[in-house]
Amino acid sequence: MKVERNFDLVDQLVEEHKIPVALAVKRKGKWETFSPEDYRRNANYFSYGLLEMGFKKGDKIITISNNRPEWNFVDVGMGQIGVIHIPIYPNMSLIEYEFIFEHSDARLVIVSSAEYYIKAKLAADKTQNIENVYTFDYIEGIPNWEEIVKLGRENEDKWKDKLPEIKASIDKDDLLSIIYTSGTTGRPKGVMLTHWNFMSNVMATTKRYPLERGHGYMSILPLCHVFEREVNYMVQNIGTTIYYAEKIDTLVRDINEVPVHGFAAVPRVYEKIYDRIVVEGKKLKGLKRAIFDHALEIGLRYDPNENKGLWYNLQLNLMRKLVFKKWQEALGGKIIGLISGGAALQPRLARIFYAAEIPIYEGYGLTETSPVIAVNYPGHVKIGTVGPILENVAVKIAEDGEILVKGPNVMKGYYKNPEKTAEVLEPDGWFHTGDIGELDDENYLKITDRKKEMFKLSTGKYVAPQVIENIFKESPFVDQLFVVGEKEKFVAAIISPDFEYLNTWAVKHGIIFRDTYELIKKPKVIQRFQEEVDRLNKRLAHHEQIKKFALTCRKWAPETGELSPTLKLKRKYLKKLYKAKLDYLYGYTDDPGDLGLERHDNELSISSMPMPPENLVDQNDAADEIMKEDDDN
């Protein structure tokens, strides 16, 4: 059947794919399953309920939820009557909630649990257009989404014959969703995406993902993320069963309980998986340790497009039997293909997972492009690129290197923001991505940096910070780092260590510490980071090398303001947060204050100011203030 709107996917599941389980979720230790018929029935009841409440085409509902079948029920229930779905990140700040609630003109909010209800209710109470806040989980005294479903069930006879007519009136170019970008600078912008924006992307990517009808897919990324949402639609189009883990901490256990053949994740997830494997491997002794190290060495040399000869292939096959087979088993033993997006995947990770026969297909896109523009796929992989351009998408490189995109996946514009829309969307349909890239003769795309994030040193040399940051995140000692140097003589960086790895290393080397603040001031730790900086600097041009750095005692996260909900650096916020550090690194002040100044080989390395838990509220308030200041940028 023709799939042009999100609800067409469910009709296809029922009428054509006919798989026994469409959606499954683990709750309280047990797997709960929903057939395609259950899926459609719940979506229809939700539609009936909304219609009975007076909802009509163009009305809007916000969801703030973890991944669960109910998200799909309400998504389809809204889509098939023309109600616009606005999914937002649970970890946004209260001020962002308030802005989106009012700016979106939404009538209802549905949250998954009590955890999100309180903040949503606070924001809703300040917003006149929000009529009520519902929850998916049952909470005594709080409106529950089942009340809408019950209302629909009670009025099924009234709406049953009218729903097909309403569905038929929904055009593929009608608005399906408004997705508010995570706002690394300024206010979030509401990206308007139609049914066909998404479904045209689904049709193109379905051909490139190796899963088949009857396979299983584990949904990991938040469904409010455009990347996971598109993959969610894509695997439904294929006819796979979607599984939702009980929680992220139980992912490995859950993935071994059900037949999972693939999942999608951001590179940081794959980095963590790899780092955990390496930490465990380093604990081995003697021959086992030697074999493990050799497997890593063989894997890091792998290239799917290059035959390295008989001797290499013999070693690779042996390592697959002795080492890499255990990696596969740890991920359930059935993985056919993983997807990576949202940021650049380190080539070393792609190589070693391919060598382990756990292929990671890296792609690229933006919320504004629904999102996929290019993606690697079986038989068409070039490590270091984001793959060939989709067949129904056009890409050209502007004179300044910016990637421009045109196709049915490009957004209608930013909601209630024609000025920002005009800045990125040309009248003839070309969208300015803001990314710098290269297109080779075989139509493979390579991303080099964000146009707006590139800066010029006082020497006149240009620096692409993401390139440097991605190289340094290859170090197991580094969780995140922020590269700076605009109008300065040299590049500097703030480094947030991988404290799990660093703590293990410190204990092994006899370093005694009470907390991370004390740990990063230890001379041996400073020296070890200097060694990592010196080592990785060799891979960079002289003007790109990090000359001075500071260690911070805290882990960066969306909840504390340093990262966006999609784990991108909030650069303006970080620049203000670490102003004292940066001023000292660049010599604008002689007084580092309580910065734990350390000296190594005449280079200055400084630890961070303490950030006790009681300061977290203040820090979120600071993030809100910065966002207000950046609103006009």
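Laboratory data are not the source of any read-out in this text; all were calculated from the coordinates shown. Remember, predicted model here, so these are calculated numbers, not experimental data. As a convention, Cβ positions derive from the backbone with ideal geometry for all residues, glycine included, and neighbour counts pool all protein chains shown.
Listed values, structure above:
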| read-out | value |
| --- | --- |
| Using a Förster distance of 41 Å, the FRET efficiency for residue 443-residue 256 (Cβ separation, nearest 0.05) | 0.60 |
| Full-extension gain in nm, residue 249 to residue 158, via 0.36 nm per residue minus C-alpha separation | 28.3 nm |
| Estimated 222 nm signal from helices in the chain, with DSSP H stretches of n ≥ 4 weighted -39500 (n - 2.57), rounded to 500 | -11000 deg cm²/dmol |
| ³J(HN,Hα) computed for each position of the range 456-469 - Karplus, 6.51 cos²θ - 1.76 cosθ + 1.60, integer Hz, glycine/proline x | 10, 6, 5, 7, x, 7, 8, 10, 9, x, 5, 4, 5, 4 |
| 5 angstrom amide H check on residue 413, placed H, neighbours 5+ away | 192 |
| Dipole in debye (nearest 20) - the chain, about Cα centre, beta carbon charges: Lys, Arg +1; Asp, Glu -1 | 2060 |
| Residue-by-residue Karplus 3J(HN,Hα) for the range 131-136, coefficients 6.51, -1.76, 1.60, Hz, glycine and proline x | 8, 6, 10, 10, 10, 7 |
| Angle in degrees between helix 267-281 and the longest Cα principal axis of the chain, rounded to the nearest 10 | 50 |
| Per-residue HN-Hα couplings for the range 343-354 [Karplus 6.51, -1.76, 1.60; θ = phi - 60°; Hz; x = Gly/Pro] | 6, 6, 8, 5, x, 4, 5, 4, 4, 6, 6, 4 |
| Label-point separation in nm, residue 326 to residue 285, each point 7 Å along Cα→Cβ | 1.5 |
| In the range 353-460, lysine pairs with alpha-carbon atoms under 21 angstrom apart (chain gap of 8 or more, or interchain) | 14 |
| Largest-first principal axis extents of the Cα set of the chain (Å) | 80, 59, 53 |
| Of 521/555; 521/568; 272/473; 18/56, pairs whose Cα-Cα distance is over 21 Å | 521/568; 18/56 |
| For the range 266-334, the spread of Cα positions along each principal axis, largest first, Å | 34, 31, 21 |
| Residues with amide H under 5 Å from that of residue 450, placed H, sequence gap 5 or more | 436, 466 |
| Amide H within-cut-off set for residue 110, under 5 Å, with H built and near neighbours excluded | 62, 63, 64, 134 |
| Residue 114/residue 94 FRET efficiency (R0 25 Å; Cβ-Cβ; nearest 0.05) | 0.95 |
| Rg(Cα) / (2.2 N^0.38 Å) computed for the range 6-110, rounded to two decimals | 1.17 |
| Label-to-label distance, nm, for residues given as residue 317 and residue 530 (7 Å Cα→Cβ offset) | 4.9 |
| Nearest-ten-degree value, helix 616-629 long axis tilted from longest Cα axis of the chain | 80 |
| Cβ crowding within 10 Å averaged over residues, with 341-350, 374-383, 135-144, 189-198 ranked highest first | 189-198, 341-350, 374-383, 135-144 |
| Packing rank of 323-333, 69-79, 487-497, 357-367, where each peptide gets the mean count of other beta carbons within 10 Å, highest leading | 69-79, 357-367, 487-497, 323-333 |
| Two-site label geometry, residue 399 and residue 555: point separation in nm, points 7 Å out along Cα→Cβ | 4.8 |
| Share, in percent, of DSSP beta bridges within the chain that are antiparallel, nearest 5 | 55 |
